[in-house]
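Report on the following structure.
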Amino acid sequence: MTEDRKVPKLPVEGKRNILITSALPYVNNVPHLGNIIGCVLSADVFARYCRLRDYNAIYICGTDEYGTATETKALEENCSPKEICDKYHVIHKDVYDWFNISFDEFGRTSAPEQTEVCQAIFKKIHENNWLSEDTLQQLYCDTCKKFLADRLVEGTCPIPGCEYDSARGDQCEKCGNLLNPTELKIPRCKVCRNSPRICDTDHLFLELPLLKDKLEKYINEMSVVGSWSQNAIQTTNSWFKMGLKKRCITRDLKWGVPVPHEKYSDKVFYVWFDAPIGYISITASYTRDWEKWWKNPENVELFQFMGKDNVPFHTVMFPSTLLGTGQNWTLMKTISVTEYLNYEAGKFSKSKGIGVFGNDAKDTNIPVEVWRYYLLTNRPEVSDTLFTWSDLQAKLNTELLNNLGNYVNRVLSFVAKPEGQGYNSIIPTVPDDVSGDSHDPTKKLANKVAAYLEQYIEAMEKVKLKQGLKIAMSISGEGNAYLQETEFWRLYKQNQSLCSLVMKTAAGIVYLLACLLEPFMPSFSLEVFKQLNLSVETHLSLSDDKGDVDRARRPWDLLSAGHKIGTPKPLFRELKDEEVEFFRKKFEGSQADRIIRAEAEAAENVAEQLKKTKVSADGNGKKKSAAKSSAESSNKAKNKAAAEPDITITRLDIRVGVIKKAEKHPDADSLYVEQIDVGEEQTRTVVSGLVKYIPLDEMQNRKVCVLCNLKPATMRGIKSQAMVLAASNDDHTKVELVEPPSSASVGERITFPGHEGDPDDLLNPKKKVWETLQVDLHTNEKLEACFKNIPLTTSAGICTVSSISNGSIR
């Protein structure tokens with residue numbers, strides 16, 4: 001459905017006015033599929049449904065741009081916070097455009113309207129005495145010479161039983177608990193990695209305990225009226241059970257909305273306070289009459305979509321902020337919350353680069369309607385769900401291709417056949433003596449469709465999107481059953497009049513499916529409308545006033561007799577096993593792992609291309625004869641083959657090294673960055689995926705075995721110039737470093753008795769030397785590191801591991 005969005009929509013008296021928001025995606029990374037289904041895609045489906053119902057609805061979203069995470073990302077990328085926001089806002093918008101997200105406004109919290117609206121709300125709360133002042137003990141980094149905001153600190157989670165060693169200063173990603181930075185055990189500055197100290201700093205607080213009565217009254221009423229999801233109610237209730245506490249609303253940062261208070265003018269608002277206000281300020285960017293949406297609770301219903309980790313900010317903090325102004329705000333009526341979408345064997349993670357990201361989905365060339373369908377059928381409404389490539393394949397091939405696509409193509413292809421075989425692309429006329437009400441299979445189909453239509457509307461009104469999609473797809477299944485029962489191909493030869501009724505009804509179902517599935521797969525619906533030769537303006541309306549719902553109960557009346565359809569063609573393509581395996585391998589591991597693989601493949605491709613494009617010429621620059629060139633090429637190939645050394649263990653340059661310094665990778669929770677002395681003038685930088693296996697303090701000043709002639713690879717922005725050898729058990733749940741004897745000389749080459757030879761200067765990734773040899777590297781029963789049965793040996797003795805016997809070394 002197309003709409004003129006140049007003229008902002010405003011609430012209309014007497015109509016149902018619906019204001020829809022989705023959690024503002026943070027601007028410091030590319031959104032992954034879990035982010036997309038958790039907020040923007042779910043809200044888009046509901047917004048499209050509302051338009052289908054002819055409600056007066058707007059959908060507001062934008063990038064959340066202020067706060068510590070932006071400053072941190074700017075430090076990593078050596079640019080200003082504004083440059084980071086400009087860059088990632090465009091990336092987010094491009095991803096959402098590809099996913100056909102139909103925002104009425106997609107704005108930014110760094111816009112001037114945010115400062116204006118946020119400061120105005122603050123002043124009202126301050127005037128009404130809902131704020132207090134207090135002194136906080138905050139972490140201060142002497143190296144960076146500044147107070148460290150929550151996301152500039154990481155350390156060990158203090159929650160008993162969790163103790164995650166990379167918890168952020170504001171929240172533990174593992175257990176989900178909100179934290180204060182000073183609560184962390186062994187805190188570290190994320191910028192310089194040094195330990196900060198605790199200092200006093202004054203801040204402003206919102207007194208949630210004083211607002212408790214107002215907030216409880218709102219929640220008790222609206223959670224019933226708005227049919228809040230159970231996970232939202234449980235999360236909100238848990239906050240009250242723990243007891244509401246005052247919450248700090250200011251931060252010692254520069255990138256944010258300035259606090260309009262003389263004493264605190266050097267501070268900005270904390271992101272939890274100003275980010276939800278972004279919904280209001282982005283609406284203010286959409287229309288100067290924004291208050292008609294946001295200060296009009298009698299005529300506007302607010303629906304908000306988010307992941308479960310955002311619930312308390314929307315059910316407790318944001319309403320408290322608005323209630324504290326004493327003004328007549330449009331407060332949230334309905335909240336739709338999703339659990340987590342997990343990826344294959346683990347969690348989607350922006351920080352760790354795990355999963356399929358928005359730009360990845362586009363690069364697969366799997367159509368957007370398939371992605372939208374799969375994510376929505378897998379929407380984690382009541383519990384976590386799992387993305388797997390094999391499940392996507394099954395849903396595409398079975399549900400979209402064999403059910404929906406097959407039905408549409410089967411009907412339209414038959415109508416398009418030439419006269420004598422079909423209807424020459426013309427919707428047939430049903431004779432007066434034939435009626436859908438009197439033909440039993442057609443009447444039964446109509447009754448089922450009418451029932452499904454009621455169920456569809458009921459589910460969508462309650463924001464049960466997965467159920468709504470399932471119901472719509474059931475109509476396609478009924479259509480296929482109808483075609484089989486009526487045997488239209490026989491009817492065409494035996495009873496043309498009845499066949500006309502069946503095919504006109506079946507084509508009407510095609511039209512109905514295109515309309516009902518539009519909120520879920522708009523690109524699919526556009527293509528079906530094209531094949532039906534209909535403009536989108538003829539889209540069925542589910543408005544209670546227009547009578548289309550009653551008309552849909554008689555599917556044989558949905559398309560006019562004599563209408564000429566377009567050209568049918570298949571709507572979906574089968575996803576084959578080999579493609580699934582390709583995607584599974586391509587997207588396995590973290591983005592750091594993928595970068596290493598991509599660089600190795602790129603190097604191979606360049607080398608191969610150079611071979612293909614090299615022009616053979618003689619000393620005068622003239623091309624040699626084909627025969628001569630061929631003969632010389634053959635000789636060169638033979639000489640090269642003769643010169644190419646065998647793949648032996650001596651080609652590896654493994655040395656004794658000592659880790660001079662080890663620290664966490666600033667942009668990858670699973671990686672260490674080590675500075676290792678291998679006997680050269682300068683230390684080598686090495687990136688290792690050992691965080692979850694070996695504590696950081698055990699990595700310091702430790703002798704290790706280092707493979708020094710691998711091709712350098714960039715891992716999450718840091719180039720790794722070597723590889724530390726480690727052994728793992730069969731299921732990779734335990735990993736230990738391979739250690740040379742303590743008296744071994746730093747820089748000496750590790751040898752393999754009985755094998756002599758010089759190492760390659762640099763291993764050629766194409767020759768797979770390391771990969772070939774690695775399979776024979778292992779630990780034995782004596783805990784010795786071996787190649788086959790030959791121990792890795794130094795002048796001081798054999799290299800060993802602590803406890804892993806019969807493990808693999810890599």
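The values are calculated or read from the model by the stated rules, or taken from the named source; none is laboratory data. The shown structure was predicted, so the numbers you read here are calculated from the model rather than taken from an experiment. Every residue, glycine among them, receives a Cβ derived from its backbone with ideal geometry; neighbour counts consider all protein chains shown. Note: areas computed on protein heavy atoms with side chains; ligands, DNA, RNA excluded. Shrake-Rupley method; radii C 1.70, N 1.55, O 1.52, S 1.80 Å.
Given a Förster radius of 41 Å and the C-beta distance between residue 12 and residue 186 as r, what FRET efficiency does 1/(1 + (r/R0)^6) yield to the nearest 0.05? Walk me through the numbers on the way to the answer.
Numbers: r = 58 Å, r/R0 = 1.41.
The value I calculate is 0.10.
Compute the long axis of helix 212-225 from its Cα atoms, compare it with the longest principal axis of the Cα atoms of the chain, and write down the angle in degrees, 0 to 90, nearest 10.
60
Give me the extension gain from residue 145 to residue 87: residue separation times 0.36 nm, minus the current Cα-Cα distance, reported in nm with one decimal.
18.1 nm is the gain from fully extending residue 145 to residue 87.
Using amide H atoms built in the peptide plane, which far-off residues or other-chain residues are under 5 Å from residue 22 H to H?
Distant-sequence amide H within range of residue 22: 60, 305.
So which aspartates and glutamates pass the test for residue 504, namely a Cα distance under 19 Å, with those fewer than 8 places away in the same chain ruled out?
Cα-Cα hits under 19 Å: 419, 432, 433, 437, 440, 478, 485, 487, 548, 550, 557.
I'm a student and want to see the number: the projected area of the Cα convex hull of segment 476-552, averaged over all directions, in nm².
5.9
Please give the FRET efficiency for residue 227 paired with residue 648, using the beta carbon to beta carbon distance and R0 = 41 Å, rounded to the nearest 0.05.
0.05
Over segment 185-269, what number does the Rg to Rh ratio reach, with both radii from the alpha-carbon atoms and Rh per Kirkwood?
1.11
Among 441, 422, 469, which residue has its Cα positioned farthest towards the positive end of the charge dipole of segment 393-507, with +1 placed on the Cβ of Lys and Arg, -1 on the Cβ of Asp and Glu, and the dipole taken about the Cα centre?
469
Would you mind getting the Kirkwood hydrodynamic radius of segment 660-810 from its Cα pairs, rounded to one decimal in Å?
16.0
Using each residue's phi in segment 122-129, evaluate 6.51 cos²θ - 1.76 cosθ + 1.60 at θ = phi - 60° and report the 3J(HN,Hα) Karplus result to the nearest Hz, with x for Gly and Pro.
4, 4, 5, 5, 5, 4, 8, 6
Distances over 19 Å make up what percent of all Cα-Cα pairs in segment 341-487?
When every Cα pair of segment 341-487 is considered, 66 percent fall beyond 19 Å.
Return a whole-number percent for the relative contact order of segment 665-810, with Cα pairs under 8 Å and 6 or more residues apart as the contact set.
That works out to 22 percent.
Compute the semi-axes of the equivalent ellipsoid of segment 499-539, taking the square root of 5 times each eigenvalue of the Cα gyration tensor, and list them largest first in whole Å.
19, 11, 8
Of 530/569; 185/254; 464/585; 124/214; 214/254, which ones are farther than 22 Å apart at the Cα?
Exceeds cut-off: 185/254; 464/585; 214/254.
Is any residue of segment 653-674 close enough, with backbone N under 20 Å, to a label point placed 7 angstrom from the Cα of residue 701 along the Cα-Cβ axis, and if so, which?
656-664, 673-674
Label-point separation (nm) for residue 98 and residue 758, each offset 7 Å from Cα along Cα-to-Cβ?
Those two pseudo-labels are separated by 4.8 nm.
Using 7 Å Cα-to-Cβ label points, what is the residue 80/residue 126 separation (nm, one decimal)?
For the pair residue 80/residue 126, the computed spacing is 2.6 nm.
Pop the C-beta distance of residue 200 and residue 241 into the FRET formula with R0 = 30 Å and round what comes out to the nearest 0.05.
E between residue 200 and residue 241, to the nearest 0.05, is 0.45.
By the gyration tensor of its Cα atoms, with a ≥ b ≥ c the square roots of the eigenvalues, what is the shape of segment 13-154: rounded for a/c under 1.5, prolate for a/b over b/c, or oblate?
Note, shape of segment 13-154 comes out oblate.
Could you give the length gained by full extension between residue 438 and residue 382, i.e. 0.36 nm per residue of separation minus their alpha carbon distance, to one decimal place?
Result: 15.8 nm gained on full extension.
Restricting to bridges with both residues inside the chain, how much of the DSSP beta-bridge set is antiparallel, in percent to the nearest 5?
Bridges in the chain that DSSP calls antiparallel: roughly 70 percent.
Where does the charge balance sit around residue 567 when Lys and Arg score +1, Asp and Glu -1, over other residues with C-beta under 13 Å from its C-beta?
With Lys, Arg at +1 and Asp, Glu at -1, the net is +3.
For residue 551 and residue 295, compute 0.36 nm times the residue count separating them, minus their Cα-Cα distance, and round to one decimal in nm.
88.3 nm
Please identify which residues in segment 156-188 have an amide N closer than 13 Å to a label point set 7 Å out from the Cα of residue 137, following the Cα→Cβ vector.
It comes to 181-185, nothing else.
Using a 1.4 Å probe, what is the accessible area per residue for segment 10-76, in Å²?
Using a 1.4 Å probe on heavy atoms only, each residue of segment 10-76 averages 19 Å².
How high is the relative contact order of the chain, in percent, with contacts defined as C-alpha pairs under 8 Å that are six or more residues apart?
11
Taking square-rooted eigenvalues a ≥ b ≥ c of the alpha carbon gyration tensor, is the chain rounded, prolate or oblate, where a/c under 1.5 means rounded and, failing that, a/b exceeding b/c means prolate?
oblate
Given contacts defined as C-alpha pairs under 8 Å and at least six residues apart, what's the relative contact order of segment 285-331, whole-number percent?
Relative contact order of segment 285-331: 56 percent.
What is the angle, in °, between the Cα long axis of helix 277-286 and the longest principal axis of the Cα atoms in the chain? Nearest 10 is fine, range 0 to 90.
Here the helix axis deviates by roughly 60 degrees.
Determine the calculated [θ] at 222 nm for the chain from helices alone, applying -39500 (n - 2.57) to every DSSP H run no shorter than 4 residues and normalising by the residue count; nearest 500 deg cm²/dmol. All intermediate terms of the calculation are to be shown ahead of the outcome.
Values: 24 runs with 287 residues, N = 810.
Computed mean residue ellipticity for the chain: -11000 deg cm²/dmol.
What is the local net charge at residue 466, summed over the other residues whose Cβ is closer than 11 Å to its Cβ (Lys, Arg +1; Asp, Glu -1)? Working shown, then result.
Numbers: positive: 379, 464, 470; negative: 381.
Net of charged neighbours comes to +2.
Using just the Cα positions, wrap segment 187-228 in a convex hull and report its mean projected area in square nanometres, one decimal place.
Result: a mean projected hull area of 6.0 nm².
Calculate how steeply helix 626-643 sits against the longest principal axis of the alpha-carbon atoms of the chain, using the helix alpha-carbon long axis, and give the answer as 0 to 90 degrees to the nearest 10.
Result, in degrees: 60.
In nm, to one decimal, how far is the modelled label at residue 680 from the one at residue 578, with both set 7 Å along Cα→Cβ?
Simple spin-label model gives 4.1 nm for this pair.
Could you please report the charge total around residue 436, scoring K, R as +1 and D, E as -1 over all other residues with beta-carbon less than 11 angstrom from its beta-carbon?
+2
Once you sort the root eigenvalues of the Cα gyration tensor of segment 729-788 as a ≥ b ≥ c, which label holds: rounded (a/c under 1.5), prolate (a/b larger than b/c) or oblate (the other case)?
Because a/c hits 1.5 or more and a/b fails to exceed b/c, segment 729-788 counts as oblate.
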